[in-house]
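The values are calculated or read from the model by the stated rules, or taken from the named source; none is laboratory data. Fair warning: this is a prediction, and the values are worked out from it, not measured in the lab. Every residue, glycine among them, receives a Cβ derived from its backbone with ideal geometry; neighbour counts consider all protein chains shown.
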Amino acid sequence: MVGSVRILSGRAFAKGVRSDLKDMIASCSGRPPGLAVIQVGEDPASQLYVSMKEKACRKTGIVSTMVRLEREATEEELLAVIDSLNTDPCVDGILCQLPLPDHISPARIASAIVPEKDVDGFHPINVGKLWRGEEGLFPCTPVGIVALLKEHAIVMEGERSVIVGRSNIVGKPMAALLLREHATVTLAHSRTKDLPELCRTASILIAAVGRPRFLTREFISPGATVIDVGTSQTEDGLSGDVDFDDVCGICGAITPVPGGVGPLTIAFLLSNTVKAWKSRI
Ligand code: GUN
C-alpha cells in the first residue's frame, strides 16, 4: 500500500502461478510439456526475453527448444523451421519472438504456426475464437492482466474500461478479454480526441502505448484501477506508461513497473504451453 493505494504486484502473483504449474507438471507421468522459441537476429531486448523464457521453462519442468536464426535468414527458411516444429510430437507450443526483421512478415509467420501450438495466441483462428467467446489460446499479457484483476477481486462486469493502445499483442486482445468479462470497453489510441477526458471515465484503465510516463493525474478518475503495460528504457531506468508518483494519490490500485505486468507475460506463456500440452496428451 502507498497511502490508500493498492499496489498490484504481478511478481508475487506470477510466482504463485508458476509454482502451481510446476506442481501440476510434476504430478503427471509421461512426456513433459515442450515449448519451442524461435529468435531471428540478435536484438538485445529479444535476447533477454528469450533467455528469461528459457530459464522459466527449466524451473517449471517444461522442455524448451531454442531455435536461433541469423538476421539474414529468409522468410522461407523461417517457415521451414515452423513446419518441422508444427509436426514435432514433443513440441506443444511454438513462439516466434517479435520484432522480426523487416523482410519477414509477422502476419505470415503467425498464420504458419498451427493454432493448437500457437501459445502467443496470434493465429487468426485463435484471434477469431477470442472475439467469438470460444475456447482457444490467447495472448499472454492480456490473459495475465485479467487473471491479476480477478486475483485482486477487481470487478470488471458492468464497469467502464479504457485501453490506451491498439496493438495486436496487447490492446486489441485486451479489449476482447475485458468484453468477455462483461466490462464496457473503449479502445483508445494515438488519434483519439480528448484522451485525458476519456480516460477519466474509466474505472479500469489499461496503459499500453509505449510512451514513458505519458499518463499523468489528469487521465485518472479517483479510485480507478490502473494497469501499466509499458516498459520503456529511459535515463532513469525502466519506466512504465504511467507517471506512477503523479497518479498514486488519485487511483485506487496500480501495477508497478517493474514487478507489475512484466512477470505475468512469462507466467501465462507457461500456462498457455501447459494448456496446449494438456489438449495434446
Ligand atoms: N515481443 C514482445 N512481446 C512479445 C510477445 O508477447 N510474444 C512474442 N512472440 N514476441 C514478443
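Brief remarks follow.
- Considering residues of segment 64-80 that are farther than 18 Å from residue 140 by Cα and among the hydroxyl-bearing types (Ser, Thr, Tyr) only, the residue farthest from the ligand (Cβ to nearest atom): 74
- Strands (runs of 3 or more DSSP E) contained entirely in segment 216-260, each with at least 1 residues that are acidic (Asp, Glu): 225-228
- The residues of segment 45-63 that are away from the ligand (no atom under 13 Å from the Cβ) and either within 20 Å of residue 109 (Cα to Cα) or not small (Gly, Ala, Ser) (or both), listed by number, are 54, 55, 57, 58, 59, 60, 62, 63.
- Test result for residue 11, assigned to a helix (DSSP H, G or I), in contact with a helix residue (DSSP H, G or I) (Cβ under 9 Å, 6 or more places away or on another chain) and closer than 24 Å to residue 147 by Cα: yes
- Scanning segment 120-150 for residues that are on the phi > 0 side of the Ramachandran plot and within 15 Å of the ligand (Cβ to nearest atom) yields a single hit, 121.
Let's see how each residue does on (1) more than 13 Å from residue 169 (Cβ to Cβ); (2) free of Cβ contacts under 8 Å to residues at least 60 places away in the same chain; (3) not in a helix (DSSP H, G or I):
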position	(1), (2), (3)
81	yes, yes, no
89	yes, yes, yes
99	no, yes, yes
122	no, yes, yes
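- Test: residue in segment 205-218 that is under 30 Å from residue 81 (Cβ atoms), crowded, with 18+ Cβ neighbours inside 10 Å and either without any contact (Cβ under 8 Å) to a residue 60 or more places away in the chain or in contact with a Ser or Thr (Cβ under 6 Å, 6 or more places away or on another chain) (or both): yes
- From the options 228, 241, residue that is within 16 Å of the ligand (Cβ to nearest atom) and touching a Phe, Trp or Tyr at 6+ places or on another chain (Cβ under 6 Å): 241
- Test: residue 83 is over 30 Å from residue 224 (Cα atoms) and more than 16 Å from the ligand (Cβ to nearest atom): yes
Here is a yes/no grid of residues against (1) under 20 Å from the mean Cα position of the chain (by Cα); (2) modelled with pLDDT under 95; (3) surrounded by fewer than 21 Cβ atoms within 10 Å (Cβ to Cβ):
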| residue | (1), (2), (3) |
| --- | --- |
| 11 | yes, no, yes |
| 20 | yes, no, yes |
| 25 | no, no, yes |
| 36 | yes, no, no |
| 69 | no, no, yes |
| 81 | no, no, yes |
| 89 | no, no, yes |
| 94 | yes, no, no |
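- Among the residues of segment 96-119, those that are surrounded by fewer than 24 Cβ atoms within 10 Å (Cβ to Cβ), near the ligand (Cβ under 10 Å from one of its atoms) and of a type outside the set (Val, Ile, Thr) comprise 97, 98, 99, 100, 106, 110.
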